[in-house]
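The values are calculated or read from the model by the stated rules, or taken from the named source; none is laboratory data. Not measured: the values here are computed from a predicted model. Counting neighbours? That spans all protein chains shown, and the Cβs are built from the backbone with ideal geometry, glycine included.
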Amino acid sequence: MLLAHGAGSDRNAPALVAVENALEAAGIPALRFDFPYRIAGRKAPDRPAVLLEAVRDAAAKLSKQTGLSPDRLVLGGRSMGGRYSSLAVGDADDPLPALGLLLLGYPLHPAGKPDNLRVEHFPRLRVPVLFLSGDRDALAGKDDLEKWAGTIPGPVDFRWLPGGDHGFRVPKSLGGKGEAAVMAEVAEASAKWVADLPGRP
């Protein structure tokens, strides 16, 4: 499992660490990685071409480390990281092989720009996809995400966090039990989905 971070975070984001720990406990190797801008100490994300190449490089590294062929790897991550993993897999000219896509908080559109949809590559995603999002995510409303995910030809699953926002935060007024409990829920759901993927040994 390759785990890429969101735009404002890094490889040590709580959700990625929790998911990696759950995967490792299930006997599934995982690799968290930093995009080049984070390695260089910058805050602004790299250009799209650089982000895409970083996903490809990290997937190649994980394939080499595990001895697994690229089509045996599950790719994904948080927000921007999941998006660029899906863009690499759905590339029109050179699609990156994968066993599945785990998209944690997929950013369907930029903040405040609901008409600027990030779905052009969805019809080229032929692998199983899990969207794991909060049902109060301002970057991907439940109805809109489910609607556009319908353009994906591969099998699609959803896991909604009641009361969760884009960062998976659930306010106490909506039954929030704290970050640790939410991250445990995210990790458990992610690891189970990956473990149950068709084609896994």
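I'd like the full set of residues that are assigned to a loop (DSSP other than H, G, I, E, B) and not hydrophobic (A, V, I, L, M, F, W, C), limited to the stretch 117-138.
Arg118, Glu120, His121, Arg126, Pro128, Asp135, Arg136, Asp137
Determine whether the stretch 109-120 contains at least one residue that is closer than 24 Å to Pro45 by Cβ, buried (at least 23 other Cβ atoms within 10 Å of the Cβ) and in contact (Cβ under 8 Å) with a residue 12 or more places away in the chain. Spell out the reasoning first.
Taking the stretch 109-120 first, the residues closer than 24 Å to Pro45 by Cβ are 109-120.
Still in the running and buried (at least 23 other Cβ atoms within 10 Å of the Cβ): none.
Looking for residues that are closer than 24 Å to Pro45 by Cβ, buried (at least 23 other Cβ atoms within 10 Å of the Cβ) and in contact (Cβ under 8 Å) with a residue 12 or more places away in the chain, one finds none in the stretch 109-120, hence no.
Name the helices (runs of 4 or more DSSP H) wholly inside the stretch 1-116 in which the number of residues that are over 13 Å from the mean Cα position of the chain (by Cα) and either among the acidic types (Asp, Glu) or within 20 Å of Gly164 (Cβ to Cβ) (or both) is 3 or more. Don't jump to the end; show me each part of the working.
Numbers: elements: 14-25, 36-39, 48-66, 80-89.
Helices (runs of 4 or more DSSP H) meeting the threshold: 14-25.
How many of the residues in the stretch 154-185 are at pLDDT 95 or above, not acidic (Asp, Glu) and not in a loop (DSSP other than H, G, I, E, B)?
So the answer is 4.
Tell me which of these Phe158 doesn't satisfy, since it passes every other one: (1) more than 21 Å from Gly100 (Cα to Cα); (2) within 18 Å of the chain's Cα centre (by Cα).
(1)
Residues in the stretch 175-196: is at least one out of contact with any helix residue (DSSP H, G or I) (no Cβ under 7 Å at 6 or more places or on another chain), exposed (fewer than 14 other Cβ atoms within 10 Å of the Cβ), closer than 27 Å to Ser69 by Cα and of a type in the set (Asp, Glu)?
Checked the stretch 175-196: at least one residue is out of contact with any helix residue (DSSP H, G or I) (no Cβ under 7 Å at 6 or more places or on another chain), exposed (fewer than 14 other Cβ atoms within 10 Å of the Cβ), closer than 27 Å to Ser69 by Cα and of a type in the set (Asp, Glu).
Any idea which of (1) within 30 Å of Pro70 (Cα to Cα); (2) of a type in the set (Asp, Glu); (3) buried (at least 20 other Cβ atoms within 10 Å of the Cβ) is the one Asp137 doesn't satisfy?
Of everything listed in (1) within 30 Å of Pro70 (Cα to Cα); (2) of a type in the set (Asp, Glu); (3) buried (at least 20 other Cβ atoms within 10 Å of the Cβ), Asp137 misses just condition (1).
Within the stretch 105-125, which residues are within 16 Å of His5 (Cα to Cα) and in contact with a Gly (Cβ under 6 Å, 6 or more places away or on another chain)?
Hit for the stretch 105-125 is Tyr106, nothing else.
Which residue pairs have Cβ atoms under 9 Å apart, sit 6 or more places apart or on different chains, and have a first residue in the stretch 56-70 that is within 14 Å of Phe35 (Cβ to Cβ) and a second that is assigned to a helix (DSSP H, G or I) and among the hydrophobic types (A, V, I, L, M, F, W, C)?
Close Cβ pairs satisfying both conditions: Arg56/Ala88; Ala59/Ala88.
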